[in-house]
């Protein structure tokens, strides 16, 4: 891959967007590589959790590549954002936890990419914005929907219409990020510690929690019905038998079902 660095250690895959001179902006080639790497990781049973971050100390992802966006006409624009939606939806619906380690600017498409992840943690220097209106466009990679889900209608519209940048601490206050770490070193250490903890959980239940939560946001699904279905499915697994037996025996569960 030209624009991504992938490392796998102890069941944790770290994807680093590697366009530091461009502040890790998402050009079309990088989007295609993101699509491919998530497809590949979905079939690797030894990988339990994914951490997504940006290269360098300044930027997670500073939006889309404006040099490419500038060339779009109406027909091509619809094709581009439809493709991006498919990629970001695949990340949101990925059956393994995806943690965004936001190490700097998360602007436009970068903020949208972080929001597609299941959890977001930021270093103190991170900044977030949806500044597309300043270019005469709107967020097109799912931002109008995911930002509203995370922070509420009024705040989402305010941020998108004003194009204001907000700090990591403000992002935490409004629910855009889970937590803020003082330094980038602490950010990566925290994300790896959490990833290690999540990797030890039963994988089927993990996948079905993500699926049930996502159902809440899908117009064609009843989230409560999906929860019932997924709960029942968990009860057919060896993990369920081991987990409940371990609880009754007052010991740590030894989950072996890695499907």
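Among the criteria (1) closer than 19 Å to residue 49 by Cβ; (2) in the same structural domain as residue 148 (by TED's automatic domain parsing); (3) touching a helix residue (DSSP H, G or I) at 6+ places or on another chain (Cβ under 7 Å), the one residue 253 does not fulfil is (2). Looking at 46, 29, just one residue is over 27 Å from residue 197 (Cα atoms), in the same structural domain as residue 91 (by TED's automatic domain parsing) and free of Cβ contacts under 8 Å to residues at least 40 places away in the same chain, and that residue is 29.
Total residues in the range 86-103 satisfying the condition of being in contact with a strand residue (DSSP E or B) (Cβ under 7 Å, 6 or more places away or on another chain) and without any contact (Cβ under 8 Å) to a residue 60 or more places away in the chain: the figure is 3. What residue, of 90, 77, 101, 64, is crowded, with 18+ Cβ neighbours inside 10 Å and closer than 22 Å to residue 138 by Cα? The conditions single out 64. Taken residue by residue, the range 122-145 has at least one member that is in contact with a helix residue (DSSP H, G or I) (Cβ under 8 Å, 6 or more places away or on another chain), without any contact (Cβ under 8 Å) to a residue 24 or more places away in the chain, assigned by TED's automatic domain parsing to the domain that holds residue 35 and in a helix (DSSP H, G or I). Scanning the range 3-19 for residues that are touching a helix residue (DSSP H, G or I) at 6+ places or on another chain (Cβ under 7 Å) and buried (at least 17 other Cβ atoms within 10 Å of the Cβ), we see that the one that is farthest from residue 105 (Cα to Cα) is 11. Screening the candidates 46, 79, 57 for the property of being over 24 Å from residue 21 (Cα atoms), over 19 Å from the mean Cα position of the chain (by Cα) and part of a loop (DSSP other than H, G, I, E, B) yields one hit, 46.
If the condition is being outside any strand (DSSP E or B) and under 18 Å from residue 30 (Cα atoms), then the range 104-121 contributes 108, 109, 110, 111, 112, 113, 114, 115, 116, 117.
Here is a yes/no grid of residues against (1) more than 14 Å from residue 127 (Cβ to Cβ); (2) surrounded by fewer than 15 Cβ atoms within 10 Å (Cβ to Cβ):
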{"residue": "146", "(1), (2)": "yes, no"}
{"residue": "161", "(1), (2)": "yes, yes"}
{"residue": "170", "(1), (2)": "no, no"}
{"residue": "176", "(1), (2)": "no, no"}
{"residue": "182", "(1), (2)": "yes, yes"}
{"residue": "186", "(1), (2)": "yes, yes"}
{"residue": "193", "(1), (2)": "yes, yes"}
{"residue": "200", "(1), (2)": "yes, yes"}
{"residue": "207", "(1), (2)": "yes, no"}
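Of the residues in the range 20-40, at least one is at positive phi and crowded, with 19+ Cβ neighbours inside 10 Å. Taken over the range 41-51, the criterion of being in contact with a helix residue (DSSP H, G or I) (Cβ under 6 Å, 6 or more places away or on another chain) and buried (at least 20 other Cβ atoms within 10 Å of the Cβ) is satisfied by 48, 49, 51. Scanning the range 60-71 for residues that are part of a loop (DSSP other than H, G, I, E, B), out of contact with any helix residue (DSSP H, G or I) (no Cβ under 6 Å at 6 or more places or on another chain) and closer than 27 Å to residue 102 by Cβ yields 65, 70.
Residue by residue, here is whether (1) more than 16 Å from residue 95 (Cα to Cα); (2) at pLDDT below 95; (3) assigned to a helix (DSSP H, G or I) holds:
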| site | (1), (2), (3) |
| --- | --- |
| 189 | yes, no, yes |
| 197 | yes, no, yes |
| 219 | yes, yes, no |
| 239 | yes, yes, yes |
| 242 | yes, yes, yes |
| 253 | yes, yes, no |
| 259 | no, yes, no |
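Of the residues making up the range 117-144, those that are closer than 22 Å to residue 96 by Cβ and crowded, with 24+ Cβ neighbours inside 10 Å are 120, 121, 122, 141.
Once the range 212-239 is narrowed to residues that are closer than 19 Å to residue 145 by Cβ and in contact (Cβ under 8 Å) with a residue 24 or more places away in the chain, the residue that is nearest to the chain's Cα centre (by Cα) is 214.
The values are calculated or read from the model by the stated rules, or taken from the named source; none is laboratory data. Not measured: the values here are computed from a predicted model. All Cβ positions, glycine included, derive from the backbone under ideal geometry; neighbour counts span all protein chains shown.
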